[in-house]
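Novice: Okay, here's the structure, questions in a sec.
Quick note: the coordinates plus some simple rules give every number you see, no bench work behind them. The structure presented is a predicted model; accordingly, all values stated were derived computationally and were not measured. Positions of Cβ are generated from backbone atoms using ideal geometry, with glycine treated the same way; all protein chains shown enter the neighbour counts.
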There are 2 protein chains.
Amino acid sequence: MSDIEQLKQQVEAQGSVVRDLKAAKADKAQVDEQVALLQALKKKLHIANGGDADESKKKGGSGKSLVLKEPKGTKDYSPKEMAVRTEIFSTIVSVFEKHGAVTIDTPVFELKEILVGKYGEDSKLIYDLKDQGGEECSLRYDLTVPFARYVAQKSISNIKRYHLAKVYRRDQPAITKGRMREFYQCDYDIAGIYDAMIPDVECVRVAVDVLRRLDVGGFVVKVNHRKILDAIFEVSGVPQEKVRAISSAVDKLDKAPWTEVRREMTQEKGLEEAVADRIGQYVQISGPGEEVLAKLRALPELMASAKAQEGIKDMGLFFRYAAIYGILDYVSFDMSLARGLDYYTGIIYEAVLVEENVRLPTAPETSAKKGKGDAVDESQIRVGSIAAGGRYDELVGMFSSVMHAKGKKTDVPCVGISFGVERIFSIVKSRRSEAEIKANRTQVYVISLGDTLTDSLLEDRMRIAAELWDAGIAAEFAYKVKPRPQAQYDACDSAIIPWAVIIGKDEIGQGTVKIKNMAQKVEEEKGGVAVPRANMIAELKQRLQMN
Amino acid sequence: MSDIEQLKQQVEAQGSVVRDLKAAKADKAQVDEQVALLQALKKKLHIANGGDADESKKKGGSGKSLVLKEPKGTKDYSPKEMAVRTEIFSTIVSVFEKHGAVTIDTPVFELKEILVGKYGEDSKLIYDLKDQGGEECSLRYDLTVPFARYVAQKSISNIKRYHLAKVYRRDQPAITKGRMREFYQCDYDIAGIYDAMIPDVECVRVAVDVLRRLDVGGFVVKVNHRKILDAIFEVSGVPQEKVRAISSAVDKLDKAPWTEVRREMTQEKGLEEAVADRIGQYVQISGPGEEVLAKLRALPELMASAKAQEGIKDMGLFFRYAAIYGILDYVSFDMSLARGLDYYTGIIYEAVLVEENVRLPTAPETSAKKGKGDAVDESQIRVGSIAAGGRYDELVGMFSSVMHAKGKKTDVPCVGISFGVERIFSIVKSRRSEAEIKANRTQVYVISLGDTLTDSLLEDRMRIAAELWDAGIAAEFAYKVKPRPQAQYDACDSAIIPWAVIIGKDEIGQGTVKIKNMAQKVEEEKGGVAVPRANMIAELKQRLQMN
């Protein structure tokens, strides 16, 4: 029976399935399903008869043409990209684990009400699942809120956990900037009641360690404190109800010059000009910790605020501990850092890449530059935030129903850091030549040469491969009865497989195999070194430095 | 200011935000957001005033109470569960990579039209995303269809890939059986035009290797061939349009006795009784490969079918190669295996756990038992399918628009195996004592003893920890200025940390630290071995067997 004959029969049979279903007034979804299958078969038949698969597309015909692509803002990862990603993840996880973190996993979607009221203006970017009966659910927007839900739900009093997982935001994608709708976050958080700033400084130490190991180039970790920011707004005279809006304007200072941010404050958000100018004086302060602390302590109107005192006390401890941890060179105390999210209550930080391999600019220079006019020094504009976080002491409490005897809720204070891996991925990937990335872990390729008129060598290759697998050696061979020698060498080379085991009629007769170094292409014998078949595993393990 | 005073002010400020927004006729979503915040603050104030957090729940009041739980059919994984899961994944990946597979990643959702028409009756279980403007998307239902989409979209002619990722099915959850709405699949697939049965047998070899390494207990891999099944239905006289329905009835033979399946065929699906009985004769054939092949070859009416001949030729090769790969003992050729999915075109297989540690029952015994009556031998009813797969040669072609000169589509033939990890996870986890599972990788805990009236020892602990981290040693210490000695020992024990570095006033004075073996609790000196501070890293690395 020809393909066309067979297809005709299938179309007929499927047609009768559809007719039967319709006659039986079957469930609409079921009918649609079968109709779709019928149409697919008809299209197949049409093509088999010489028709064009893309006809409907060109003609804009009734048959909806299938577009083969990933959904907007998402991407597939190729094997070589995955090799890079796996390496990045493994570096990140090794640092997290070096600091004693355990890992948890939570579902990719949460009950919708868990996410409500946690993300401020950005809540509109949350992906909802369709209501197909049952609970209303949304894809997670970050890993922090699911973590807080987990801690509250399980009544956990302390945990240091990491979580590498995808999060979802219906944002306008900008793939060149690494802004995707589906992207990975790598989070490290410490929850529990501890003494001031000890876990906080460890989070920044983790960030520095990760970024140094990933070799992303020059970076600076900007730090600030929500209580100091709050005090600045208070002291400057920002009305209470405008604090969030003004704070989110300040947060734009890394992307926009002060004049523009000032305009947003006064014209869009209705702040008095004098108030904006007072804020301007504060938020342009930045530099090494001790210098900024000294500057702040010298501002009597700020120091009159209890909040400012609390924040400055915290930051004093922070820089003291940061010195012990050897990370002072990477940290800049920056009053313009505000962070968009609502839930932060203490220290906040953000690691940004700097254009050149500049570490922290020296303070006098920075202040001088910044002091010059209203514009923020352009050389300081970030090329990208690659990690961020802070202290959020009340988020778990929003979920928690644990009560003290006095009717006061128990919060579980938290501090954490989140790495945005898409940008890190772009940087690390751009440094590699595609051809050099080995996406597999195959150690040995089994090749047969010579007389391939009989198929017996396939089974010999299979036998050798099975023996290698049994010994824990990663091995492959051509899935052909009679593969061409060159095709086998090429397969070995293109997969960057370092060793070959070569057999031919002679080797089979002599009970030997040849072992050839494919990586170096230099060998004691050109065709490889002959070893007795019985010694093959031992000889390979020695070359592969396996125990 | 008391907490209550502060909350009152916050409620007032937030109230004014809401009023302003309403007055400005702001976007509804924005207003709702702020109202939710206001209500949360009011509730907080209510509680601070001595009210009950759960009041609204008890009274069924207007305030919707927040239920803290994972969505139905999904679950959180605790650190100890994650330790088990990570171990399982790492075993599976190591086998996949031993066979040369690379990995890819695809988005968690696909364009809806990609999934349509691929899953037969089960399409109703697909999760859709809500239409929030833009493309219609659905959560992936398996990893096979996204893989086929990937291969077609990227015009890949051959690839051997693995993918460990979550898939989603709106099924009725049965957590005890490991049936979840969100669950992991671990897939290994070989795509490309190769010689018959070589990749196919490797998939089964991979399944056997993985299940042996995971030590899941006794299991059997049932194999069958779609073409033989098709021939059986043809020869038995099943009308073309009923083939799918009857095939899906046969697939239930592992859960239901023949009498029940026969009733479904004849009464629900309107099959003639004589036809059902003919099918019954065939599908009860099972046993070791060569025996079943001999039985089938002795059935002239079956062998008259070209399809049957093709299938039997394939299976002949399969069992020949399976012998070379040393997996014959695990494989049963079982005519009752049908597999629900539509896309299989060749060999199909399913690994099932057997109650006791029974491997393959000897064939005469099995046939004898099965020959007795209509009922399937109950001892053979599966306790659970833990891996399954088969050959699907046309799925990529459904997506592919690659055309031959003759107007014929180029399919990329595929064969693969998918592991259902939730069941494997339950088995492996049930074998472990919770207390023995170490969820972290911390190697050293830094403890301070003695006079803790000064806080200087905190900084010494920090300094030691930083030194350990710099040396690549995983280390933790108490995040307290003055931790109690016993609390530190307890933390060390409960996290199963094998080594402690102990300091006190004496050690600081002498420039030494004590190293104590916490795992064995037996030590040359009860309080640990004193070593010069300068040798600490070297001494620890030696004990930790680090290079």
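Novice: Below 12 angstrom from the Cβ of B:I497, what's the summed charge of the other residues (Lys, Arg +1; Asp, Glu -1)? Each step should come with its number before you reach the end.
Specialist: Details: positive: B:K438, B:R441, B:K516; negative: B:E476, B:D490, B:D493.
So the environment of B:I497 carries a net charge of 0.
Novice: Testing the spin-label approximation: label points 7 Å from Cα along Cα→Cβ at A:L328 and B:Q267. State their distance in nm.
Specialist: 8.5 nm
Novice: Moving to a separate point now. If I take R0 = 60 Å and measure r between the Cβ atoms of B:A471 and A:K252 in this structure, what FRET efficiency does the formula 1/(1 + (r/R0)^6) give, to the nearest 0.05?
Specialist: On the way: r = 42 Å, r/R0 = 0.69.
After rounding to 0.05, the efficiency reads 0.90.
Novice: With a Förster radius of 25 Å, plug the Cβ-Cβ distance of B:R431 and B:S90 into 1/(1 + (r/R0)^6) and report the FRET value to the nearest 0.05. Walk me through the intermediate numbers first.
Specialist: Values: r = 17 Å, r/R0 = 0.68.
Calculated transfer efficiency: 0.90.
Novice: Once each part is reduced to its C-alpha centroid, what is the distance from region A:282-311 to region A:151-219 in angstrom?
Specialist: Between the Cα centres of region A:282-311 and region A:151-219 lies a distance of 27 Å.
Novice: Quick check: pseudo-label points 7 Å beyond the Cα along Cα→Cβ at B:A304 and B:N158, how many nm apart are they?
Specialist: Going by the 7 Å Cα→Cβ label model, 4.0 nm.
Novice: Right, something else. Could you work out, residue by residue across A:485-492, how many beta carbons of other chains sit within 10 Å of that residue's beta carbon, and then give the average as an integer? Kindly include the intermediate steps, with their values, before the conclusion.
Specialist: Details: counts 0, 0, 0, 0, 0, 0, 2, 0.
Mean inter-chain Cβ contacts per residue within 10 Å come to 0.
Novice: Also, I was wondering about something else. Please turn the phi angles of region B:184-193 into ³J(HN,Hα) values with the Karplus equation 6.51 cos²θ - 1.76 cosθ + 1.60 (θ = phi - 60°), one per residue in order, whole Hz, x for glycine and proline.
Specialist: My calculation for region B:184-193 gives 7, 10, 10, 10, 10, 9, 10, 10, x, 8 Hz in order.
Novice: What is the order of A:H225, A:H99, fewest Cβ neighbours within 10 Å to most?
Specialist: On the way: A:H225 29, A:H99 24.
Placing the least packed residue first, the sequence is A:H99, A:H225.
Novice: Using a/c under 1.5 as the rounded threshold, could you call region A:171-256 rounded, prolate or oblate? The axes a ≥ b ≥ c are square roots of the C-alpha gyration tensor eigenvalues, and prolate needs a/b larger than b/c, oblate otherwise. Don't skip to the answer; put the middle values down first.
Specialist: Working: a/c = 2.02, a/b = 1.21, b/c = 1.66.
Oblate shape, in that a/c is at least 1.5 and b/c is the bigger or equal ratio.
Novice: Let me ask another. For A:V331, enumerate residues with amide H under 5 Å from its amide H, sequence gap 5+ or separate chain, H modeled in the peptide plane.
Specialist: Placed amide hydrogens put A:V221 under 5 Å from A:V331.
Novice: Under 17 Å from a point placed 7 Å out from the Cα of A:K72 along the Cα-to-Cβ direction: which residues of region A:139-175 have their backbone N that close?
Specialist: Answer for region A:139-175: A:168-175.
Novice: With θ taken as phi - 60° and the coefficients 6.51, -1.76 and 1.60, list the Karplus ³J(HN,Hα) couplings across region B:219-233 in order, rounded to whole Hz; mark glycine and proline as x.
Specialist: 8, 10, 9, 7, 10, 7, 9, 4, 5, 5, 4, 4, 5, 4, 5
Novice: Here's something else I'd like to know. Label A:R320 and A:K28 with points 7 Å out from Cα along Cα→Cβ: what is the distance between them in nm?
Specialist: Those two pseudo-labels are separated by 7.0 nm.
Novice: Which of the peptides B:426-439, B:119-132 is most tightly packed, and how do the rest follow, judged by the mean count of other Cβ atoms within 10 Å per residue?
Specialist: Working: B:426-439: 13.0, B:119-132: 16.9.
In decreasing order of mean packing, B:426-439, B:119-132 become B:119-132, B:426-439.
Novice: Using 0.36 nm times the number of residues separating B:E234 and B:K42, minus their current alpha carbon distance, what extension gain do you get? Please report the intermediate quantities before stating the final value.
Specialist: Values: separation 192, 0.36 × 192 = 69.12 nm, distance 7.14 nm.
Residue separation times 0.36 nm, minus the Cα-Cα distance, leaves 62.0 nm.
Novice: Checking the a/c ratio against 1.5 first, then a/b against b/c, what shape does the Cα gyration tensor give for region A:93-223?
Specialist: On the way: a/c = 2.16, a/b = 1.31, b/c = 1.65.
Because a/c hits 1.5 or more and a/b fails to exceed b/c, region A:93-223 counts as oblate.
Novice: Can you sort B:D195, B:D460 by how many other beta carbons sit within 10 Å, fewest first? Mind showing how you got there, number by number?
Specialist: Working: B:D195 15, B:D460 19.
With the sparsest Cβ surroundings first, the list reads B:D195, B:D460.
Novice: So for A:T259, A:T266, fewest C-beta neighbours within 10 Å to most, what's the order? List each step's numbers first, then the result.
Specialist: Details: A:T259 13, A:T266 17.
Taking fewest neighbouring Cβ atoms as first place, the list is A:T259, A:T266.
Novice: Can you give me the long-range amide H partners of B:Y77? Hydrogens built in the peptide plane at 1.01 Å from N, cutoff under 5 Å, separation of 5 or more residues or another chain.
Specialist: A:D105, A:T106
Novice: Let me ask another. Listed highest first by mean packing, meaning other Cβ atoms within 10 Å per residue, what order do A:465-477, A:286-298, B:387-399 come in? Before the final figure, lay out the partial values.
Specialist: Numbers: A:465-477: 20.0, A:286-298: 18.2, B:387-399: 23.2.
Ranking, from highest mean packing down: B:387-399, A:465-477, A:286-298.
Novice: Do you know the relative contact order of region B:444-543, to the nearest whole percent, from alpha carbon pairs under 8 angstrom that are 6+ apart?
Specialist: It comes to 27 percent, rounded to a whole number.
Novice: Enter the mean projected area of the convex hull around the alpha-carbon atoms of region B:279-354, in nm², rounded to one decimal. Please list the in-between numbers first.
Specialist: On the way: hull surface 22.8 nm².
Mean orientational projected area (region B:279-354, Cα hull): 5.7 nm².
Novice: Something else now. Please state the relative contact order of region B:116-240 as a whole percent: Cα pairs under 8 Å, 6+ residues apart? Before the final figure, lay out each step's value.
Specialist: Working: 110 pairs, mean separation 21.8, N = 125.
With pairs under 8 Å counted, the relative contact order is 17 percent.
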